[in-house]
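**Student:** Encoded as structure tokens, here's the structure I'll be asking about.
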Amino acid sequence: MEARPEGSILFVNNVDKPGMVGAVGTVLAEENINIGGITFGREDKGGLVVCVVNVDNEIPDMVVEKLKKTKDILFAKFIKV
């Protein structure tokens, strides 16, 4: 998996199933947060996914908490590099 370790980054772990990319994108779009790039990697089909999302601006804590409450998202953390 190749991710860009720069700027504003959201890390997400989720179950590998249809709709998860859309779920993350929808939460971010609802808060007017633009995705600049996204990188995925998974252990096995149907297993755990690691997702690194480069965004254009900071993600407020309440948005990260909303992501954590989304079904099949196991972990979410925002960092600024």
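The values are calculated or read from the model by the stated rules, or taken from the named source; none is laboratory data. Predicted model, so just to flag it, every value in this text is computed and none were measured. Here Cβ is always computed from backbone atoms with ideal geometry, including for glycine, and neighbour counts include all displayed protein chains. These accessible areas exclude ligands, DNA and RNA; they are computed on the full protein's heavy atoms, side chains included. Shrake-Rupley method; radii C 1.70, N 1.55, O 1.52, S 1.80 Å.
**Student:** If I compute Cα extents along the principal axes in Å from the structure I just sent, which labelled value in [x] 43, 30, 18; [y] 48, 24, 17; [z] 32, 26, 16 lines up?
**Tutor:** [z]
**Student:** Can you give me the % of accessible surface on the chain that is carbon or sulfur? Probe 1.4 Å, all protein chains present, nothing else counted.
**Tutor:** Of all accessible area on the chain, carbon and sulfur atoms account for 53 percent.
**Student:** Mind listing the phi-derived Karplus ³J(HN,Hα) values for segment 24-34, rounded to whole Hz, using 6.51, -1.76 and 1.60 with θ = phi - 60°, and x for any glycine or proline?
**Tutor:** 5, x, 5, 4, 5, 4, 4, 9, 6, 9, 8
**Student:** Note the full-extension length gain between Asp61 and Arg4 as 0.36 nm times their separation in residues minus their Cα-Cα distance, in nm to one decimal.
**Tutor:** That pair, Asp61 and Arg4, stretches by 18.3 nm at full extension.
**Student:** Same structure again: Taking a probe of 1.4 Å, how large is the accessible area per residue of the chain, in Å²?
**Tutor:** Per-residue value: 61 Å².
**Student:** Turning to a different aspect of this structure: Quickly work out the Leu74-to-Lys45 label distance, labels modelled 7 Å from Cα along the C-beta direction, and quote it in nm with one decimal.
**Tutor:** Taking the simple label geometry, Lys45 and Leu74 are separated by 1.9 nm.
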